[in-house]
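Undergrad: Below are the structure tokens for one structure; questions will follow.
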Amino acid sequence: MLRRRHYSQAQAARTPEGREEAHEAGWHGRGPAGSFPRRPQPGRGAEILTRVRHLYVHLPFCAQRCGYCDFVTVVGRGAQHGPYVDALLHELELERELLAPQLETVFLGGGTPTFTEPRALARLLGALPDAAEVTVEANPETVTQALAALLRRFGVNRVSLGVQSFQPHLLDVLDRVAKPDTVRRAFYDLRDAGFDNISLDLIYGIPGQSPADLETDLGAAIELGPEHLSCYELEAKPGTRFSHAHGGELQRQAETMESYFELVVDRLTAAGYRWYETANFCREGDLDLRSRHNLAYWLGRDYLGLGVGAVSTVDGRRWRNTPRLAAYMEALEARSRPQREVEPLSDEVRRRERVMLGLRLDEPLVLGELAQVVDQDAMKRLAHLGLVRTDMRTLALTARGRFLGGGVTADLLV
């Protein structure tokens, strides 16, 4: 299931084929009397234990692995689902002291969370902390009336539905199972269950997709009337089946992607959606319909990630869980931490990340101390080229700058 749910999880979740066993180290082992070892703290005292208000939970199971996917996924509905949830709950208890008494967001990503065996999913949802926004990713073919009711019963109030396209020939290219009618049925099942905050994912730049195809997909999505839309350019990640089959084709059509991007922005803004982030749109007039969880990452907030391959950033440290399912579950069965890497983040690194992620948003970035990592001459030059807007106190990308994104940001950073 394609997701750019947020920068850090997306970066950490990728596991090149054949390299899953690399760098297994870190937190394995138990402390005195079988207790968990305490995580080394960066010397700022116990106040960090109530800082984290954003929780990500990774559910890796999928019916099949899409050719373009490079996230940590496990194919098949089997006996692993229940034990994996057991491991997640052990990890939650292990890290609970890092969580604030009241969370702002919980996000269940994958994989396909709604492919998880329903009893195991219900047990997990029932054990997770309450939050103002609780999002679950879903593939349309996994959504039933019973599943929608289960999600509502356990406090989920936002569903992100992986549509990708409404056209069978494009869905086939993407190895997607759901058909257009399945998407519509899933959407209305969620509506009937009481969900009033539904997000749809679309992809553009699919091999064989024409501008008319993209227009059709956008029109079909708008007709459903979701509160939120995410529209991503298809990427052929190294090591995926898709990169071998279509990588060259995607490179050749790179010059046409700006026109597709403009079509997405023009069509959705004309339909009453606010383009609040490079790839994300919410219904105009209600900023609460933005993805609050993803906003936390774009704004540089701390977050805790649970599950195989998940990443956490807390008080200047970032750690990643092992991407190997067996190693993850074995560690937690032994009540050991499943992290394989712990990375201290310098103030400079955090500022650079804040600029890189903050510039994805439509609201200008207040420079302040961030000016230390911004090349002032480059900022003026890019403003002259029409790629950024700045008054030297704030900074934002223009529409074209947001399309070029990473290239513009790289030029800005010292």
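Undergrad: Kindly provide the set of residues from the stretch 156-174 that are among the aliphatic types (A, V, I, L, M) and part of a loop (DSSP other than H, G, I, E, B), ordered by number.
TA: Within the stretch 156-174, 156, 174 qualify.
Undergrad: Please state which of the following conditions residue 352 fails to meet, knowing it meets all the rest: (1) over 30 Å from residue 99 (Cβ atoms); (2) at pLDDT 95 or above.
TA: (1)
Undergrad: Now, a different point. Is it the case that some residue within the stretch 139-154 is in contact with a Pro (Cβ under 7 Å, 6 or more places away or on another chain), buried (at least 23 other Cβ atoms within 10 Å of the Cβ) and closer than 26 Å to residue 288 by Cβ?
TA: No: zero hits.
Undergrad: Ok, one more. State yes or no: is residue 379 of a type outside the set (Val, Ile, Thr) and modelled with pLDDT of 95 or more?
TA: In short, yes.
The rows are residues; the columns are (1) assigned to a strand (DSSP E or B); (2) more than 24 Å from residue 192 (Cβ to Cβ); (3) out of contact with any strand residue (DSSP E or B) (no Cβ under 7 Å at 6 or more places or on another chain).
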| residue | (1), (2), (3) |
| --- | --- |
| 90 | no, yes, yes |
| 94 | no, yes, yes |
| 106 | yes, no, no |
| 119 | no, no, yes |
| 123 | no, yes, yes |
| 132 | yes, no, no |
| 135 | yes, no, no |
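Undergrad: Quickly run through the stretch 315-338 and pick out the residues that are in a strand (DSSP E or B) and within 19 Å of residue 108 (Cα to Cα).
TA: Of everything in the stretch 315-338, those that are in a strand (DSSP E or B) and within 19 Å of residue 108 (Cα to Cα) turn out to be 319, 320, 321.
Undergrad: Tell me, which helices (runs of 4 or more DSSP H) wholly within the stretch 178-271 include 1 or more residues that are in the same structural domain as residue 288 (by TED's automatic domain parsing), modelled with pLDDT of 85 or more and within 23 Å of residue 63 (Cα to Cα)?
TA: Numbers: elements: 180-192, 211-224, 241-252, 257-270.
Ranges flagged: 180-192.
Undergrad: Looking at (1) within 22 Å of the chain's Cα centre (by Cα); (2) modelled with pLDDT of 95 or more; (3) under 25 Å from residue 338 (Cβ atoms), which is the one condition that is false for residue 123?
TA: Residue 123 satisfies all of (1) within 22 Å of the chain's Cα centre (by Cα); (2) modelled with pLDDT of 95 or more; (3) under 25 Å from residue 338 (Cβ atoms) except (1).
Undergrad: Kindly establish whether residue 305 is surrounded by 20 or more Cβ atoms within 10 Å (Cβ to Cβ), in contact (Cβ under 8 Å) with a residue 12 or more places away in the chain, in a loop (DSSP other than H, G, I, E, B) and of a type in the set (Gly, Ala, Ser).
TA: On the way: surrounded by 20 or more Cβ atoms within 10 Å (Cβ to Cβ): yes; in contact (Cβ under 8 Å) with a residue 12 or more places away in the chain: yes; in a loop (DSSP other than H, G, I, E, B): no; of a type in the set (Gly, Ala, Ser): yes.
When the stated conditions are applied, residue 305 does not pass them.
Undergrad: Sticking with this structure for a sec: Being of a type outside the set (Val, Ile, Thr) and crowded, with 20+ Cβ neighbours inside 10 Å is the filter here; which residues of the stretch 319-338 pass it?
TA: If we filter the stretch 319-338 for residues that are of a type outside the set (Val, Ile, Thr), which is where we start, we get 319-321, 323-338.
Scanning the stretch 319-338 gives 319, 320, 321, 323, 324, 325, 328, 329, 331, 332, 337, 338.
Undergrad: Would you mind stating whether residue 326 is more than 30 Å from residue 411 (Cα to Cα) and without any contact (Cβ under 8 Å) to a residue 24 or more places away in the chain?
TA: yes
Undergrad: Taking the stretch 157-204, which residues are of a type in the set (Val, Ile, Thr) and surrounded by fewer than 18 Cβ atoms within 10 Å (Cβ to Cβ)?
TA: Result: 177, single match.
Undergrad: Now for a different question. Exactly one of (1) crowded, with 23+ Cβ neighbours inside 10 Å; (2) modelled with pLDDT under 95 is unmet by residue 114. Its number?
TA: (2)
Undergrad: Right, something else. Quick one: what pairs do we get from the stretch 187-199, first residue within 17 Å of residue 230 (Cα to Cα), second hydroxyl-bearing (Ser, Thr, Tyr) and in a loop (DSSP other than H, G, I, E, B), C-beta under 8 Å, 6+ apart or different chains?
TA: From the stretch 187-199, the pairs are 199/291.
Undergrad: Does the stretch 360-381 hold any residues that are β-branched (Val, Ile, Thr), touching a residue at least 40 places away in the same chain (Cβ under 8 Å) and closer than 16 Å to residue 300 by Cα, and which are they?
TA: Once the filter is applied, which keeps residues that are β-branched (Val, Ile, Thr), touching a residue at least 40 places away in the same chain (Cβ under 8 Å) and closer than 16 Å to residue 300 by Cα, the stretch 360-381 yields only 373.
Undergrad: Checking the conditions here, which among 320, 402, 381 is assigned by TED's automatic domain parsing to the domain that holds residue 256 and not aromatic (Phe, Trp, Tyr)? First the steps, then the outcome.
TA: Values: 402 fails: assigned by TED's automatic domain parsing to the domain that holds residue 256; 381 fails: assigned by TED's automatic domain parsing to the domain that holds residue 256.
One residue alone meets the criteria, 320.
The values are calculated or read from the model by the stated rules, or taken from the named source; none is laboratory data. All values derive from a computational prediction rather than experimental measurement. Neighbour counts are summed over all protein chains in view; Cβ atoms, including those assigned to glycine, are modelled from backbone coordinates with ideal geometry.
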